[in-house]
């Protein structure tokens, strides 16, 4: 048997090492935390700028549990109940809705935390999962509508959730925020697998209708409420979608946009009435709310 030439025996491992070096050099490197910090500062300020008063809707924050904070590790989180106080309205009841915004600094922290999993974990039975599309101030929001039921004190209670995500694109420019709005968890999962995008995180939005009155609103009424509450959130979505627009020394200010929406002060101390949180897992156990469970376990 002829022996293998020594040159080949030496060249093979050298060639393999060279190929591995090329593959490694082509793999995207993790993003420098200092590079994404200005974006996360702007994102947090944007979420915190959502007004307490939107038209005739008054909002009150719901305390977020420590467990939820540890689980999601959010950069910014808003859990707020809104109640409509319309002067001269002949209705015998107040419409209510809850708004949840969770922005995680790492897309991986968001994985698995969305209504199809979380609401079922809280003992609720899914009865509807339908793709939806809404248009708010010229921006198309592709999302999902979920409905769940739960037996409570001999009654069947229904909860409806309007849900969508924003997955930021560091390469997107002005006018491209639309493409960062995602319908479901698949886009978040994809972002979490990419070194270049996971560091910019992801944001989840939920508008929740529950309770005896709000759960029975027609779809048309729910859509109307959703569009109303989303109007002041559109500038927030643009900030969350476009890291390239976040300047290190910028301060996110929305007063100019809110002035045309809110007829009264956005000071939370001036807000009357609380419907409690529909996001039970996020809500502090000390709260006296009797709303239905849900949220992001």
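The values are calculated or read from the model by the stated rules, or taken from the named source; none is laboratory data. These numbers come from a predicted model, not from an experiment. Every residue, glycine among them, receives a Cβ derived from its backbone with ideal geometry; neighbour counts consider all protein chains shown.
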Does region 147-155 contain at least one residue that is buried (at least 20 other Cβ atoms within 10 Å of the Cβ), more than 19 Å from the chain's Cα centre (by Cα) and farther than 22 Å from residue 244 by Cβ? yes
Of all residues in region 136-146 being surrounded by fewer than 17 Cβ atoms within 10 Å (Cβ to Cβ) and in contact with a strand residue (DSSP E or B) (Cβ under 7 Å, 6 or more places away or on another chain), which is farthest from residue 190 (Cα to Cα)? 140
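Determine which member of the set 202, 191 is in contact with a helix residue (DSSP H, G or I) (Cβ under 6 Å, 6 or more places away or on another chain), at pLDDT below 95 and within 22 Å of residue 101 (Cα to Cα).
Values: 202 fails: at pLDDT below 95.
Unique residue meeting the criteria: 191.
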Taking the condition of being outside any strand (DSSP E or B) and closer than 23 Å to residue 106 by Cα, how many residues in region 67-89 meet it? 7
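Among 202, 177, 172, which is closer than 22 Å to residue 41 by Cα and buried (at least 24 other Cβ atoms within 10 Å of the Cβ)? Don't jump to the end; show me each part of the working.
Values: 177 fails: buried (at least 24 other Cβ atoms within 10 Å of the Cβ); 172 fails: buried (at least 24 other Cβ atoms within 10 Å of the Cβ).
One residue alone meets the criteria, 202.
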Any chance you could count how many residues in region 146-157 are part of a strand (DSSP E or B) and without any contact (Cβ under 8 Å) to a residue 24 or more places away in the chain? 4
Would it be correct to say that residue 119 is surrounded by 13 or more Cβ atoms within 10 Å (Cβ to Cβ), within 23 Å of residue 33 (Cβ to Cβ), in contact (Cβ under 8 Å) with a residue 12 or more places away in the chain and within 18 Å of the chain's Cα centre (by Cα)? no
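Assess whether residue 160 counts as being in contact with a strand residue (DSSP E or B) (Cβ under 7 Å, 6 or more places away or on another chain) and without any contact (Cβ under 8 Å) to a residue 12 or more places away in the chain. Break it down into steps so the answer makes sense when it comes.
Working: in contact with a strand residue (DSSP E or B) (Cβ under 7 Å, 6 or more places away or on another chain): yes; without any contact (Cβ under 8 Å) to a residue 12 or more places away in the chain: no.
The answer is no for residue 160.
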When the residues of region 106-132 are filtered to those that are in a loop (DSSP other than H, G, I, E, B) and within 16 Å of residue 187 (Cα to Cα), which remaining residue is modelled with the highest pLDDT? 106
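I'd like to verify a number: residues in region 167-218 that are part of a helix (DSSP H, G or I) and over 18 Å from the mean Cα position of the chain (by Cα), how many? Steps first, please.
Our first condition is that a residue be part of a helix (DSSP H, G or I); within region 167-218, this holds for 177-180, 185-192, 195-198, 211-214.
Next, only the ones that are over 18 Å from the mean Cα position of the chain (by Cα) stay: 195-196, 211-214.
Selection size over region 167-218: 6.
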Which of (1) closer than 30 Å to residue 37 by Cα; (2) without any contact (Cβ under 8 Å) to a residue 24 or more places away in the chain does residue 73 not meet, given it meets every other one? (2)
Return the total of residues in region 42-66 being assigned to a helix (DSSP H, G or I) and touching a strand residue (DSSP E or B) at 6+ places or on another chain (Cβ under 9 Å). 6
